[in-house]
Amino acid sequence: MERRMKVAVTHDGIFHADDVFAAVVVRRMFPRVRIIRTRHPDHLAAADLRLDVGGKSDGATDFDHHQPGGAGVRPNGVPYAAAGLVWLAFGERLTHSASVALEVDRTLFQSIDAHDNGYAPCADGMTVTVSHVISRMNPDWQEAANYDACFAQASALAATILDRTIVRAVGIVQAEREVMVAIQNADDPRILVLDRFIPWQTAVCTLAEEVQFVVFPSMGTWRVQVVPQQLGVPGNRRSLPAAWAGLEGSALQAITGVSEATFAHRGLFIAGAASKAGAYALAQKALQ
């Protein structure tokens, strides 16, 4: 397919994150593709791919969502726009992993698609999303309108965002694997011990209901951290004991009986110790 891929068309004029990211994914998939911004029927008919234009979606050559009935929704109800449709078609092939492709969709393309379909909250004007940033790269009303040049600048930024999102998604998927192995090997299923720091929150919050505390190394010392009830939502499965709040050194050691204890945050979400054994002992005390 790449050998015959020559031209992809998206609409001209004002651009949004939807069409910008759709074009970036296509260029990642087909590095030699030529992106043309136009609505001219002849160009649309001759193109190999149509992005955010054309009035249909087939998952192969056409990726539009403006037609009556749209272009479908995800299992969680987020409707597809062109960016998500293109990623659905090519994401797994680009990342060589279905799990990574799903994570990139969850953390990037769902937001873009929701925003383009009018489902994203932006009432107060204070929340700036990727979609807002890309939109602001259009020429302002008092500037000379060179939309194609601005589209190219926005595409360069979008490519960087996509690349870093893929890197992060690969890390999250790998972290999930390591976390699940550590959980399977745990002496106490309520205490997860990691021999190196990895981003554990997603895996533990979604896949390990029994884990209450996580023990891990940090800058030459060790930490014991609480597990949130839900990602991004205040509240813990179990907080550290209230009596520990804000204590350090000998004061914390006296109340816990752990000689290597160093501090407990006054917010009761994390505590420290000089060794792995000390941090694990704090976690055990917190469970009592």
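Candidates in the stretch 135-167 are the residues that are of a type in the set (Phe, Trp, Tyr) and part of a helix (DSSP H, G or I); of these, the one that is surrounded by the most Cβ atoms within 10 Å (Cβ to Cβ) is 151. A search for C-beta distances below 7 Å between a residue of the stretch 98-109 that is touching a residue at least 12 places away in the same chain (Cβ under 8 Å) and any residue that is open to solvent by 60 Å² or more (accessible area, probe 1.4 Å), counting only pairs 6+ apart in sequence or on different chains, returns 100/170; 101/92.
Screening residue 12 against (1) in contact with a strand residue (DSSP E or B) (Cβ under 6 Å, 6 or more places away or on another chain); (2) without any contact (Cβ under 8 Å) to a residue 60 or more places away in the chain leaves a single unmet condition, (2). Residue count for the stretch 221-247, restricted to those that are open to solvent by 60 Å² or more (accessible area, probe 1.4 Å) and more than 29 Å from the chain's Cα centre (by Cα): 2.
Restricting the stretch 258-273 to residues that are out of contact with any Gly (no Cβ under 7 Å at 6 or more places or on another chain) and open to solvent by 60 Å² or more (accessible area, probe 1.4 Å), the residue that is farthest from residue 216 (Cα to Cα) is 259. Listed conditions (1) open to solvent by 50 Å² or more (accessible area, probe 1.4 Å); (2) in contact (Cβ under 8 Å) with a residue 12 or more places away in the chain; (3) outside any helix (DSSP H, G or I) are all met by residue 255, apart from (3).
Among the residues examined, residue 250 qualifies as open to solvent by 60 Å² or more (accessible area, probe 1.4 Å), at pLDDT 95 or above and of a type in the set (Ser, Thr, Tyr).
The values are calculated or read from the model by the stated rules, or taken from the named source; none is laboratory data. What you see is a predicted model, and the numbers here were worked out from it, not measured in a lab. Cβ: placed from backbone, ideal geometry, glycine included. Neighbour counts: every protein chain shown. Protein only, heavy atoms only, side chains kept; ligands, DNA and RNA dropped before computing areas. Shrake-Rupley method; radii C 1.70, N 1.55, O 1.52, S 1.80 Å.
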